[in-house]
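> Below: one structure in structure tokens.
The values are calculated or read from the model by the stated rules, or taken from the named source; none is laboratory data. The structure displayed is predicted, hence computed values, not measured ones. Please note: Cβ atoms are built from the backbone with ideal geometry, for glycine as well, and neighbour counts cover all protein chains shown. When the accessible area is computed, the model is the full protein with side chains, heavy atoms only, and any ligands, DNA or RNA have been set aside. Shrake-Rupley method; radii C 1.70, N 1.55, O 1.52, S 1.80 Å.
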Amino acid sequence: MDMQDEVALVFDSYSPKVKAALLQIRQWIFEHAQANSQIGELSECLKWNEPSYLTLSTKSGTTLRLAQLNEASFALLVHCQTRVISEFKILYPQLSYDKNRAVIFKTGDQLPREIIQHFIHLALSYHLWK
């Protein structure tokens, strides 16, 4: 089984609402990387059994992970020693967070596209702005 199959199995294990939300976010991740030459090609793999996105060719970002927390919520995670979450908390204090490692969303809410895309940008370009 190759890595794409393993990642697909993890997405398939998520509840339908979480899976739909995270697959949409996955699409935004790839679209953002493709549109930004400083980020470049992404590698998709599993880290901590979570779909993870790395900027292997440019090394511009920190690893961005997607995870189901339960059937009603999911998280976008980054390495806890980065400043991504602390910066995001300043910009979006109304959101839910898990310490310095994750921003949490509920599956029943409409995906806040602009906010999530901003998070994607901060994570995938972290080494360019830190």
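> With all protein chains present, how much of the accessible area of the chain (probe radius 1.4 Å) comes from carbon and sulfur, to the nearest whole percent? Don't skip to the end; give the middle numbers.
Details: 3520 of 7170 Å².
Reported share for carbon and sulfur atoms: 49 percent.
> As an exercise, identify the GluC sites (Glu not before Pro) in the range 1-103 lying in DSSP coil whose Cβ has no more than 12 other Cβ atoms within 10 Å. Spell out each step's value before the answer.
Working: sites: Glu6, Glu31, Glu41, Glu44, Glu71, Glu87; in loops: Glu41, Glu71.
Here the GluC sites (Glu not before Pro) that fit, given the DSSP loop and packing criteria, are Glu41, Glu71.
> Tell me the chymotrypsin sites (Phe, Trp or Tyr not before Pro) within the range 17-114 that lie in a loop according to DSSP and have at most 11 other beta-carbon atoms within 10 Å.
Numbers: sites: Trp28, Phe30, Trp48, Tyr53, Phe74, Phe88, Tyr97, Phe105; in loops: Trp48.
Qualifying residues, ordered by number: Trp48.
> Hey, can you find the accessible area per residue of the chain for me, probe 1.4 Å, expressed in square angstrom?
Details: 7170 Å² over 130 residues.
Per residue, the chain has an accessible area of 55 Å².
> If we count every other residue with Cβ under 14 angstrom of Phe30's Cβ, Lys/Arg +1 and Asp/Glu -1, where does the sum land?
Values: positive: Arg26; negative: Glu31, Glu41, Glu44.
Neighbourhood net charge equals -2.
> Taking the chain as a Gaussian network, Cα atoms linked when under 10 Å apart, which of Gly40, Gly108, Gly61 shows the biggest mean-square fluctuation?
Greatest mean-square fluctuation among the candidates belongs to Gly108.
> For Lys17, list the lysines whose Cα falls under 19 Å from its own Cα; do not include residues on the same chain fewer than 8 positions away.
Lys106
> Now for a different question. Could you work out the pair-distance distribution P(r) of the range 1-58 from its alpha-carbon pairs, with 10 angstrom bin width and percents rounded to whole numbers?
In whole percents, the pair-distance histogram is 22, 51, 25, 2.
> Quote the FRET efficiency, to the nearest 0.05, computed for His127 versus Asn70 with a Förster distance R0 of 41 Å and r equal to the Cβ-Cβ distance.
Numbers: r = 32 Å, r/R0 = 0.78.
Computed FRET efficiency for His127 and Asn70: 0.80.
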